[in-house]
1. Test ASN294 against the stated conditions and say whether it is within 30 Å of SER59 (Cα to Cα) and either without any contact (Cβ under 8 Å) to a residue 40 or more places away in the chain or crowded, with 24+ Cβ neighbours inside 10 Å (or both).
2. Determine if the range 461-476 includes at least one residue that is surrounded by 14 or more Cβ atoms within 10 Å (Cβ to Cβ), in a loop (DSSP other than H, G, I, E, B) and at pLDDT 90 or above.
3. Which one of the conditions (1) crowded, with 22+ Cβ neighbours inside 10 Å; (2) in contact with a His (Cβ under 8 Å, 6 or more places away or on another chain) does LEU318 fail to meet, given that it meets all the rest?
4. Could you give me the residue pairs with C-beta distances under 7 Å whose first residue belongs to the range 149-161 and is under 22 Å from GLY75 (Cβ atoms), whose second residue is at pLDDT below 90 and of a type outside the set (Lys, Arg) wherever it lies, and which are 6+ apart or on separate chains?
5. Considering the range 516-558 alone, what residues qualify as being within 16 Å of SER370 (Cα to Cα) and out of contact with any Pro (no Cβ under 6 Å at 6 or more places or on another chain)?
6. Output the residues belonging to the range 42-91 that are without any contact (Cβ under 8 Å) to a residue 12 or more places away in the chain and farther than 30 Å from ALA266 by Cα.
7. Test each condition in (1) among the aliphatic types (A, V, I, L, M); (2) without any contact (Cβ under 8 Å) to a residue 24 or more places away in the chain; (3) surrounded by fewer than 17 Cβ atoms within 10 Å (Cβ to Cβ) for ILE15 and report the one that comes out false.
Amino acid sequence: MDYFKQPISEYIWDIKYRYRQQDKIIDHTIEDTWQRVAKAASHAESKQERAAWQKQFYSILENFQFLPGGRILAGAGTQHDVTLFNCFVMPILEDSLHGIFDALKEAALTLQQGGGVGYDFSVLRPKGWMVTHTGAVASGPVSFMRIWNVMCSTMQSTGARRGAMMGVLRCDHPDIEAFIAAKRDPHELRHFNVSVLVSDAFMQAIEKNSEWALVFPDKHVVRTVNARDLWEKIMRSAYDYAEPGVLFEDTINRKNNLWYRERISATNPCGEIPLPNYGACNLGAMNLTQFIINPFTDKSSIAWDKLKKSTEIATRFLDNIIDISRYPLKMQKQEAYATRRIGLGITGLADALLMLGVRYGSQESLKIASHIMRCISEATWHTSIELAKERDVFPLFQKEKYLEGEFVKQLPSDIQQDIAKHGVRHSHHNTIAPTGTISLLANNVSHGIEPIFSASYQRTVRSLQDELQHFTVKDFAVHQFKNDQALPEAWVDSQTLTPDDHLQIQAAVQPYIDNAISKTINIPEHYPYEKLHDVYAKAFVLGLKGCTIYRPNAITGSVLTLADHVDRCDQCHE
């Protein structure tokens, strides 16, 4: 059976996920890839049950119903010395050359095995700060980020997977203004996404129009700035250069299921998994387009039972990945085993809505998105509880404290009761990642919870020989519609949506996501700045954990254009 409906999808499989041993092709078809991955995941099962679970895992991989993270597709069941985890958060343990370059070495080892990295650079002293024991003057966090950036570029030149990094700085760090402005230079920190770690106190200071203290270390005030002026710099930079995003630190930690043992200050490169030091993201997404019955008709509906069953199998699949994966560093393995975090989400939401005849951003679309994510969340939690009964709880589970968590207390009462009785296998369960490249593999379904970009556009892909290949790409749902003369009645694309449409769809699914959501608010180049001005503040009020804006501009170019569509977050999820 020909599972590829567009040339670019087969090309993506061939250059990114097809298993080769040097020049020898091992995966002759996409079915071979699915069998390889299913068999690898089944090795965490008992010998007697491996064959049965391999068949189950294959059943959800087939026809792209379930899309594991790109590292799983590329590495599971191969002899390559790679990790199956897409990304990690790493620490800089001390503000010294030893601490900085030990962290740099750990980053290089992680990137070498295919994992992206996220860092909170706030531990580093500000530019101009005196280094007491040498008499030297500190050059500041941004200068050391440049070293990471060069290292990442060098690793890429050796043939390692294209590197992805997240750089974070606290909103009260004395170098925050330099950090905000760093990427206005088109050559600066190109391997980084950057985000400001925003506190509740800062948001209150903005509301009150009060002064804001920049401190280092801890509570030592270096200088003060007007909070609204600093906020304006963040917003203006996001509008002009698409960076930085914001991460709402207190919301993240208040709703962290492991609030009793960790304080989180960074995320993976695309922001959908807030993680502690050495934490890892183990990702997968349910492709919603494969669960729509009778698309584009009055009888269209969602196959809820099939979606629930597939989610249950996918949850077990991701649990097994933790046990079969390699880890670049010992501490990463220890953290993964201690918490057994997974991040199961969705992709193809916009296409699925179109197939149901529902306009993305409408009130009906918010209800459907919420219902879908609730179904997946509850199926994931129930399966995690069943796995705890079968395989034991995650090692850092403390029943009383876990049940006191703000997110856990919002779960249905039957799930809370079952956790109290049996425990749970994973500390965290659901996320929504960008899924850029794996969605392209699945015949270009709409990415994550993002809207459809365009019915048809040109896409450029870099080949194994570092050459650019150009493809005409059609949206999956439009391709399924099979009418070249018209678009479905519910058609809407990213060019016509407002920032509020984006925020509302994110807010609709956030209550069911215990990790976070990667969501980019794409706006046209000529969108008025005044209309965008309070979008991050709205995201905060809605209880979101983070937010990112992307507007085509002279510095970063047009990441989303009809001429050349390249996702900002693809590099983390190849």
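1. On the way: within 30 Å of SER59 (Cα to Cα): yes; either without any contact (Cβ under 8 Å) to a residue 40 or more places away in the chain or crowded, with 24+ Cβ neighbours inside 10 Å (or both): yes.
Yes, satisfied.
2. yes
3. In the conditions (1) crowded, with 22+ Cβ neighbours inside 10 Å; (2) in contact with a His (Cβ under 8 Å, 6 or more places away or on another chain), LEU318 misses (2) alone.
4. Sorted first by the residue in the range 149-161, then by its partner, the pairs are CYS152/GLY163; MET155/GLY163; GLN156/GLY163; ARG161/GLY114; ARG161/GLU574.
5. ILE517, LYS519, LEU542, GLY543, LEU544, listed by residue number.
6. If the condition is that a residue be without any contact (Cβ under 8 Å) to a residue 12 or more places away in the chain and farther than 30 Å from ALA266 by Cα, then SER46, LYS47, GLN48, GLU49, ARG50, ALA51, ALA52 are the ones that fit.
7. Among (1) among the aliphatic types (A, V, I, L, M); (2) without any contact (Cβ under 8 Å) to a residue 24 or more places away in the chain; (3) surrounded by fewer than 17 Cβ atoms within 10 Å (Cβ to Cβ), ILE15 violates only (2).
The rows are residues; the columns are (1) in a helix (DSSP H, G or I); (2) modelled with pLDDT under 95; (3) in contact with a helix residue (DSSP H, G or I) (Cβ under 9 Å, 6 or more places away or on another chain); (4) of a type in the set (Lys, Arg).
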position: LEU396; (1), (2), (3), (4): no, no, yes, no
position: GLU406; (1), (2), (3), (4): no, no, yes, no
position: LYS409; (1), (2), (3), (4): yes, no, yes, yes
position: ILE415; (1), (2), (3), (4): yes, no, yes, no
position: LYS421; (1), (2), (3), (4): yes, no, yes, yes
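The values are calculated or read from the model by the stated rules, or taken from the named source; none is laboratory data. What you see is a predicted model; the values in this text were computed from it and never measured. Every residue, glycine among them, receives a Cβ derived from its backbone with ideal geometry; neighbour counts consider all protein chains shown.
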